[in-house]
Structure formats: structure tokens, C-alpha cells
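Report on the following structure.
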Amino acid sequence: MDNRNRCRQAGRALLAVLPFWLLGLTLRIATDSGAYYPLYAAAPSLFSLGFGALFTALCLLPPRRWGRALYGVLYALWAVYAVVQYGVWRIFGRFLFLSDFLFAGEGLDFAGYARQIMDARFALVVVLLALWGALGVWALPARAARRRVCPALGLFFVLTQLIAPRLYAPVPETLDWDSWESSGYEYERFSSSAYDLALTGPYQFVLRDAWLSVAPDGDAAQTAAAVDAYFDEQPAHQANGMTGLLAGKNLILVQLESIDDFVLTEENTPTLARLQREGINFSEFYTPQYSNGYTFNTEFAAQTGVYPYANGNVAYSLSRSAFPEAMGSLFADAGYATGSFHKSEAKFYNRGAMHQAFGYAQYHSALDFAESDLEASVDEFLVDCDELYERMVNEQPFLSLLITYSGHLGYDEIDALTTYALEQHPEYRDDSRPYEINGLFAKARLTDDMFAALLGRLEEDGLLENTVLCVYDDHYAYGLTDRAVLEEYSEKAGGRLLERTPCFIWYEGCTPQTVDKTLQTVDLLPTLANLFGLPAPRAMGRDAFDPSYAGYAIFPDGTWLTDAAYVENGAVVWNDGMTEDEIAAMNAFARRFHEVNDSILDCDYYAQQQD
């Protein structure tokens, strides 16, 4: 091969590398990654070029015909991955970590979203990705170039892995409120998917996520000691006027599905609205979404007082961890019979194992008792089915966890449960509203029907006067495919404030009261422990009635909210009286909150306490 031909083949090899870089750049531009990390920054481009070099080198090994086919397959896989991540970003404003793909079965529920995002922007991204792939297949040089080109491409990949991480800002020696601004700190922590893909591009995003998923944890004892230090610094729980108020009573804990604050109204859910009005209403309760599995995110946080990993799936990775201070465990230790009830089968979110880890004696799936999926999907079945109802209440005192399903997305014409809900409650067919709103309200009414039936059966059995209902929502109504419609109806429209959701406690003879302190999901466990006179758990949450607790909600990206201020990624959105020093202190606390929260999961902290 003469020098001219060698140069031509080397040029074609470089041209074959570019489509993988262009794919990453297109995805970063389309998803506004520049808001997190500059698009012109060298590190993500180096990573993408390095992987492009590696993939091209692999495709030069077989004969050119097969090499082109291999190139097409490799590129197509990454293009599909990019399209999926772009679609997820359009819906949720974040990306999927590898562990989130364990929830792929839920993807079928997002058919309405797919239609919503299939617009000119989506088409442009798909067309560009296809063009870059066609360019790469055409450019791939002949196999004869592999002897000289492949080693150079492989060496370039290795160099990018060594050089690119060193281009991030250094990790601060002393972590402070603004540590999140350090790209090196986030690259090590790798907890915010939107920030992380902006930092690395798609290929390194997958590689680093995979490595962190299998990398050995640090010294568990040392990590546990750091968690101990955090808890020792927090104010001790203070007994208060609500301590032990409900001791010995039965508890039915109900996690609602998508019953947002604007959905729970006298018109849509009259029974729930009455219970909320007559009970203890936590009017500023937030359900921050740390994990992409939104329902199980709140399920885990409410049961354990700890948030799940923002970049991992605890449902499968922590089923053997110890949670002796979780909800079921605390009540079981106090002599309560415990059980959990939901529509889905036990393997979904690994509930069969996880609920036992939370201390529940058994998880019951409505699918095991119903004659059809539709029957099991209607919440009232949990109460109407004698076998299920008896398992909820047959031993006293009892703690029964009910996770509703009827409000689950979608809300359009192709959803069978939506059609059923509108048939049962045709009064929600209102042509002046979007169809999805009608579907959302009608499905919420199915959940309300379950509460009416539950109250009726408890009263008939003489159990109502000694039973407490604690009701909270799993997440805001993100299942509405039109974000503008969601923000129009939601009282707290915009950003993290959409994550304000209903939470209340009701029992016969309750003196109605409204608690307007800012609270979050992990506060539920210590609050109920206080009310029922149980030991205060070592959790990330606090008792809502503890006078030493001012109240706050901390979100996975460092955003936080108190009664006095709302700070998003270090920027003050509004402030009603906090000083600069107080805001700086709260920023620092939010970062430490995340680190300690994850450390609890990393070292199986509660198991360490048992040893």
C-alpha cells in the first residue's frame, strides 16, 4: 500500500470515528446538556471520540463487508439507546441509568407519551442520527488498513480514558454547599443522570454507571461510623403532645397512585376529601423522586425513612439488606400483625422480597385472587375480595399497607382501565377538559370508591373506631402526557414544587388540624413512630411534630425547600427571610444529607448496628 493510499485509508478511519462523536453531540444538544456542562468542553467529546475509535477498530478486524455490517449494528444499538434516552428526557427531564432498565416492563404504560413526543424535534433527532450512521458505514476503510490503523485507534481510546477525567474541575478538599458545581465531584459521585450524561457523553455514561454498579464499596465500618457521627449531631427527638396519641390502634397505611393535590377534591374524591378535612392534614408534604421507579421510590422512602439511590435500583440490589427500623419491623416488634397488598405480582419491583425486608410478614398480589387483570386493577377489589380483606384485619393489632393502582397512567382512549373508569363514572366525561384530565379524575374516583368500601366494612366489623388511616401519594400526576395541562391544573406548577402531594392521617374522633410545616417522604416513618409511641428510628426523616424540627424537603439534585426559602441547584428562587449564612448552611446540609443517605445504603448500616 503506497503512502497516498495509506493516508486515504487513515482519513476514512477518522471519518468513521466521527459519527459516534456526532451521535453523542446530537444527544447532548437535543437534551439541553449545555445547561449542566458546556457543549464545547473537551472531556465529553474526548470520551465520545475515544469510544468511536474503539468501535471503528473492532469493525476493521473482519473483512470489509462484515466490518460494515458490524459497524451498522454497533451504531444502530447506540442510536436506539440515544433515541430512548432522548424520549425519557422529553418526558421526565432526566436519563435512565442501567439499573432503571430493570423497569422496562413499565414502558408499555407510556404509549401516550410516545405519541406526545413524536414531533418535528423528535423526527429531526432521528434523521440526524441516521445520517451520521450512514456516513460511518460508507467511510469505514478496507480491512487492509487494520495493521496500522487499529493499534493507533486502540491507543487513542486508552489515552482518552486516562486524560478526559483529569479535565474536570478538581474535587474540593473540603466539601461545601457549592461542591455540586465541581464537575470532578459529580463525576466521582455520579448521582444526577442529566448532569452525568452532560459530563461524559453517552458511552462513558454507560461505562461509568456499569463500573460503579459493580465496584466494591469502601470500608463499611468506617462508612457506618460517619453515619453515626451524622445522627449524633442531629437534635435528639423531643417528645411532644402527639407522642403516643395512637398507641395500640390498628393502622392501615395507604399509598395512593397519582392522586395529586389538584385531583383530591370534594368533586373528584369525596370520601378522601372528607377524611383529609376531618383528619390531620400535612398541607406542605413533598415526595421527591430520587429513583426513576417513581412509585417504588416513594414506597421505599416511606417505609425506611431513607431515600433510594438516585443512580441505582434498591428493589433488586438491597433486598437482603437489614431494615430493622423500617415501618413493618417497628410495628411487628410492637406485636402488630403485618401484611402488604397491591395489584402487581410479587416479582414486580421485587416486592415479595423487599416488603419482607421492610418487616411485613407477607406481600399479597390481587392478581393471585382476581379473574382478570382489569378486575385486579380496580382498587375496590382489595376490599371486596373476602380473602384479601380478611388477611388485612384478621389479627389485632394490625398494620396493613395498601398500595392503590387505579390511578396509574395512562389516561387516554387506549387505556382499558380509563375506559372502565369513565363507564363507571360517566359524570367525568366533560368535553370542556382534555380527555386525559377526565381519565385521571375518573380513575381517582375508583380509588375513592375503595375508601368508601373500606370504611363500610371496617364499621360493619366493629373495627373502625380502633383503626387509623394514614394516606399519602406516591408522586405527582406525571402520567399526563401534556406538561402544559399538568402545570395548568397543578396549584404548585413549575419545577420541584410539582412534587407537593397529599398526605393526611384520619381516625374516628380526630380533632381536625392542618400542619403546614414543609415535610418530605422520609418524615412519614418517624412521624408515625411518634404517634404510635414506638422507638424513634434512626432515619433521614424527622417527626413532623417534633418542635426542634423546622421542616424541609431535599431533592436529589441539591435543590431544597423550607418554609422560608426555595433554592434550586444553589440558586435562590425565592427567599422569605433566610440570611445568606443560613442559606449557605442549608446548601451544605443538603449535600451532606445526600452523602449520608447513600452511605446508609452502601454499608448496610442497620445490619452494622445489629452486629
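List of remarks:
- When residues of region 235-257 are limited to those that are within 29 Å of the chain's Cα centre (by Cα) and not in a loop (DSSP other than H, G, I, E, B), the one nearest to Thr447 (Cα to Cα): Leu256
- Among the residues listed as Gly154, Gly133, the single one being buried (at least 19 other Cβ atoms within 10 Å of the Cβ) and modelled with pLDDT of 90 or more: Gly133
- Residues being surrounded by 14 or more Cβ atoms within 10 Å (Cβ to Cβ) and assigned to a helix (DSSP H, G or I) - total across region 136-147: 7
- The requirement of being surrounded by fewer than 24 Cβ atoms within 10 Å (Cβ to Cβ) and either touching a His at 6+ places or on another chain (Cβ under 9 Å) or part of a loop (DSSP other than H, G, I, E, B) (or both) is not satisfied by Ala310.
- Among (1) modelled with pLDDT of 95 or more; (2) part of a loop (DSSP other than H, G, I, E, B); (3) more than 28 Å from Leu528 (Cβ to Cβ), the one test that Gly462 misses: (3)
- In region 203-223, the residue that is modelled with the highest pLDDT out of those that are more than 25 Å from the chain's Cα centre (by Cα) and assigned to a helix (DSSP H, G or I) is Gln222.
- Residues satisfying the stated conditions in region 550-587, i.e. in contact with a strand residue (DSSP E or B) (Cβ under 9 Å, 6 or more places away or on another chain), part of a loop (DSSP other than H, G, I, E, B) and in contact (Cβ under 8 Å) with a residue 60 or more places away in the chain: Gly551, Phe555, Asp557, Gly558, Thr559
- For region 336-344, the condition holds for at least one residue, the condition being that it is surrounded by 22 or more Cβ atoms within 10 Å (Cβ to Cβ), modelled with pLDDT of 95 or more and over 25 Å from the mean Cα position of the chain (by Cα).
- Residue satisfying all of: in region 234-258; surrounded by 17 or more Cβ atoms within 10 Å (Cβ to Cβ) and in contact with a Gly (Cβ under 9 Å, 6 or more places away or on another chain); farthest from Val383 (Cα to Cα) among these: Thr243
- In region 313-331, residue farthest from His594 (Cα to Cα) [restricted to those that are touching a residue at least 60 places away in the same chain (Cβ under 8 Å) and outside any loop (DSSP other than H, G, I, E, B)]: Phe331
- Condition check for Ala301: among the small types (Gly, Ala, Ser), within 26 Å of the chain's Cα centre (by Cα) and outside any loop (DSSP other than H, G, I, E, B): yes
Rundown of residues vs (1) surrounded by 19 or more Cβ atoms within 10 Å (Cβ to Cβ); (2) of a type outside the set (A, V, I, L, M, F, W, C), yes/no style:
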{"residue": "Asp546", "(1), (2)": "yes, yes"}
{"residue": "Trp560", "(1), (2)": "yes, no"}
{"residue": "Met578", "(1), (2)": "no, no"}
{"residue": "Ser599", "(1), (2)": "yes, yes"}
{"residue": "Gln609", "(1), (2)": "no, yes"}
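- Selection within region 229-257 - under 26 Å from Arg500 (Cα atoms), out of contact with any Phe, Trp or Tyr (no Cβ under 6 Å at 6 or more places or on another chain) and acidic (Asp, Glu): none
The values are calculated or read from the model by the stated rules, or taken from the named source; none is laboratory data. Just so it is clear, the model here is predicted, and its values are computed rather than measured. Methodologically, a virtual Cβ is constructed for each residue, glycine included, from the backbone with ideal geometry; neighbour enumeration extends over all protein chains shown.
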